[in-house]
Structure formats: structure tokens, C-alpha cells
Amino acid sequence: MISKSLFALVLSGMGLSSALAINKQIESGNLTVALIRAPPVNVPYPPPSSDWYGQMHDINATVDFGVKLIQRAALSGADFVAFPELWFPGYIDADPGPTDFLDNYFDQTITVNDTNWNKLVSAARKHSVWLEFGFAQHIKDNVFMGQALIDSKGDVIQVRQKLRPSGAERNIFSDGTIDQLLVHKTPFGRLGMLECWEHMHPTMTFAMHAQYENIHIAAFPWAPDLDVDSGVTRSEVSLAAARFYAITGSSHVFMPAVGTAAVFAPNGTLVASIQASEDPYETPILYHSINTTSFISSNQTYDTTEYSWAALQQVDRAYPAYIPKIANNSFIQHRQNSITEMRKFGPIV
């Protein structure tokens, strides 16, 4: 883990000028994406380390660090900067019951249009880069696994919430809504984004593939080195999900994650990667460029292929007749977790 003082040294070593504003446009036919892989401030490293040494999440310091990384990426020629899931202020594994650690996490969330949100949007505008970032989003009495897409002018293209938080995440984060599964027309092609295990669920991937993505951001929270056994969260599982998504969607998939980051071509080939064991403070960013001249920018869909409406009807017709077509009590219902209740009683199991 790195302390705030050491983070200051890391940032000062970047050789960045805070007064430098960049006004550039994406080169015709070329897109350079910067995948952030350094950890947020105070978050233990390497994953899946849980040695906090008395530290807690720090949203203000993490946003300032994130802004510096955006600047560094822009100075290195990036057109698009992608952060991991929940990078602001970092991922959380909470113990049962109310704790100071959990209370602090709720205090480190971001509300759209608050000071930290505006810092990130301003950084995209100042450095003329598109920006995707994962954040703990505070809305009224709930916290969501938010994911934002900002264009190079600082305009908000989309703010979505993870449709169905996975595993123990469901004990803290509330569910998003299915209408947020969108692909967007951009100057460099059709782009969409999902978070972590959303890439495992056909209810989420089918709708995205049907909208004909050229580029997909597959944001994962963290990924250790290969062969590090962390159960279903091991890197082999995350990389398999990103690779399979690239193949089934015929899209370029960029996977930012704290530690191991990767890029897959539409045929599933791993074209760029870096493992967690490589120093994240010397190499905090993985860069990869693609040629976009053949991409389709219109509102095209898979009208006649495996992700068409006709294919969806086939799924319905192929559903086994002996299994009831009802949403009974075993179906995972939409869930909203109250921050007020969690402050009193801890994560809601």
C-alpha cells in the first residue's frame, strides 16, 4: 500500500504541468485508449490484499490522483481514459455489522454535480479526452455502483448504475435499471460499457450486442496476477469474460482494472496486457491504439443475426417446457439498500 505522502512523490515524479491545457482532436482513423491500473489512494496493493494498516478510502485524494492520471494520459497521446469499476474511491469488502470503515465509505461517495464530480468532468474537458470512470454514486439514501461516460468537451453522455451488483456487493449497493443498457454513437464508432460480472449475464450482454458495439469498456474493480487464486474473482475468470464478450460482440474490448489490465481484439486475441506484479506507480497506465476507419457510426443493429429480435424469440421458444415460465420467489428482485439502515446495522444480507 502507498501512503498519501508517497502518493505525492509519485505525482511529483510524473513531470506534469498543472497549467498545461491540451486542445487536440482524435486523429482520423486512430483511437488511443489509456487503461488506469494504479490503485486509488490508500487502497491496499497488490490485489487481493486487505492490509489497510489503519487507512481508509479517501475520495478527495483519489479524485486529485485521478485528475493527474488523466493529465498524464492526455500528455502521452491518449484520446480516451478508462478507469476500473468503483475506482472512486475504491472497491469495498465490508464486514458484517456497522463499522467505522463502512461509515467512512458512505462519506467518500460521489454525487453527480458535486465538487469531485466537477473536477473529473473538468479534467476531461481541459485535456480534450473522453472519460469513463466507475464510482460509488450517492443518490438520496442509496449508494450505487455508478459508471460515467464523459466526452472530450465535458458533456455527460451517460451515467448508469450496475444493474445487479454481484455477490456481497448486493449487501451494500442498490440495483440499477435495465433501461441503462445503452450503446452510444461517438466520433470513433459505437461504444458501450458494462461493469465486472455484468459480462457474465445474457440479460445484460444480449441487449448490448444487439446495438452493434465497435468498442466496449469492460470495467473490473481489480485483477491479480495470473495464477493467483482468489476464487471466482481471479484474473483468469475476468479475462475470460472480457475475451468472450469481444468474440460474441465482435468488438474491441478494453478492460481497466487495478493490477492486471488487458485489451482484446474482436476475434478474442489478447493484443495488450500488463500484470499486477508490474509496479503500478511506475506504470500506472496501459495504452493501446486501434484503427477505427472501418467502424460503423450509424444506429445499426444486428437485425438478422444471433442478437436480433428473432433470435430472442428463439430463446423463448427453446425454453424447456417442463420449467414454469414464471418469476417466482427464487427470482432476484430489484433491491434498494438504505444507507441510513446500513449505518445502524451494517450491510444488508
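Within this structure, residue 140 passes the test of being of a type in the set (Lys, Arg) and out of contact with any Asp or Glu (no Cβ under 8 Å at 6 or more places or on another chain).
Residue by residue, here is whether (1) more than 26 Å from residue 96 (Cβ to Cβ); (2) of a type in the set (A, V, I, L, M); (3) touching a Cys at 6+ places or on another chain (Cβ under 8 Å); (4) not in a loop (DSSP other than H, G, I, E, B) holds:
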site: 160; (1), (2), (3), (4): yes, no, no, yes
site: 168; (1), (2), (3), (4): no, yes, no, yes
site: 179; (1), (2), (3), (4): yes, no, no, yes
site: 184; (1), (2), (3), (4): yes, no, no, yes
site: 190; (1), (2), (3), (4): yes, no, no, yes
site: 197; (1), (2), (3), (4): no, no, no, yes
site: 207; (1), (2), (3), (4): yes, yes, no, yes
site: 212; (1), (2), (3), (4): yes, no, no, no
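If the condition is being crowded, with 17+ Cβ neighbours inside 10 Å, among the small types (Gly, Ala, Ser) and farther than 20 Å from residue 262 by Cβ, then the range 166-185 contributes 174, 176. Among the conditions (1) of a type in the set (D, E, K, R); (2) touching a Ser or Thr at 6+ places or on another chain (Cβ under 9 Å); (3) without any contact (Cβ under 8 Å) to a residue 12 or more places away in the chain, residue 153 misses just one, which is (3).
Let's see how each residue does on (1) closer than 17 Å to residue 79 by Cα; (2) modelled with pLDDT of 95 or more; (3) of a type outside the set (D, E, K, R); (4) in contact with a Phe, Trp or Tyr (Cβ under 7 Å, 6 or more places away or on another chain):
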residue	(1), (2), (3), (4)
165	no, yes, yes, yes
168	no, no, yes, no
195	no, yes, no, no
198	no, yes, no, no
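Going by what's in this entry, would residue 206 be described as among the aromatic types (Phe, Trp, Tyr) and touching a strand residue (DSSP E or B) at 6+ places or on another chain (Cβ under 6 Å)? Considered against the rule, which asks whether it is among the aromatic types (Phe, Trp, Tyr) and touching a strand residue (DSSP E or B) at 6+ places or on another chain (Cβ under 6 Å), residue 206 comes out as no. When the range 306-327 is limited to residues that are under 32 Å from the mean Cα position of the chain (by Cα) and loosely packed, with under 10 Cβ neighbours inside 10 Å, the one that is modelled with the lowest pLDDT turns out to be 327.
Looking only at the range 75-84, decide whether some residue is in contact with a Pro (Cβ under 8 Å, 6 or more places away or on another chain), crowded, with 20+ Cβ neighbours inside 10 Å, on the phi < 0 side of the Ramachandran plot and not aliphatic (A, V, I, L, M). Checked the range 75-84: at least one residue is in contact with a Pro (Cβ under 8 Å, 6 or more places away or on another chain), crowded, with 20+ Cβ neighbours inside 10 Å, on the phi < 0 side of the Ramachandran plot and not aliphatic (A, V, I, L, M).
Conditions (1) free of Cβ contacts under 8 Å to residues at least 60 places away in the same chain; (2) hydroxyl-bearing (Ser, Thr, Tyr); (3) crowded, with 22+ Cβ neighbours inside 10 Å, marked per residue:
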residue: 187; (1), (2), (3): no, no, no
residue: 195; (1), (2), (3): no, no, yes
residue: 199; (1), (2), (3): yes, no, yes
residue: 213; (1), (2), (3): yes, no, yes
residue: 218; (1), (2), (3): yes, no, yes
residue: 221; (1), (2), (3): no, no, yes
residue: 227; (1), (2), (3): yes, no, no
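Restricting attention to the range 240-249, the residues that are without any contact (Cβ under 8 Å) to a residue 40 or more places away in the chain and surrounded by fewer than 23 Cβ atoms within 10 Å (Cβ to Cβ) add up to 3.
For the range 79-119, a residue qualifies if it is part of a strand (DSSP E or B) and either touching a Gly at 6+ places or on another chain (Cβ under 8 Å) or free of Cβ contacts under 8 Å to residues at least 12 places away in the same chain (or both), and the qualifying residues are 88, 110. Output yes when any residue across the range 215-234 is farther than 23 Å from residue 136 by Cβ, of a type in the set (D, E, K, R) and outside any loop (DSSP other than H, G, I, E, B), and no when none is. No, because not a single residue in the range 215-234 is farther than 23 Å from residue 136 by Cβ, of a type in the set (D, E, K, R) and outside any loop (DSSP other than H, G, I, E, B).
The values are calculated or read from the model by the stated rules, or taken from the named source; none is laboratory data. Note that the structure is a prediction, hence the values are computed from the model and not measured. Because the Cβ atoms are built from the backbone with ideal geometry, glycine has one as well, and the counts that use them run over all protein chains shown.
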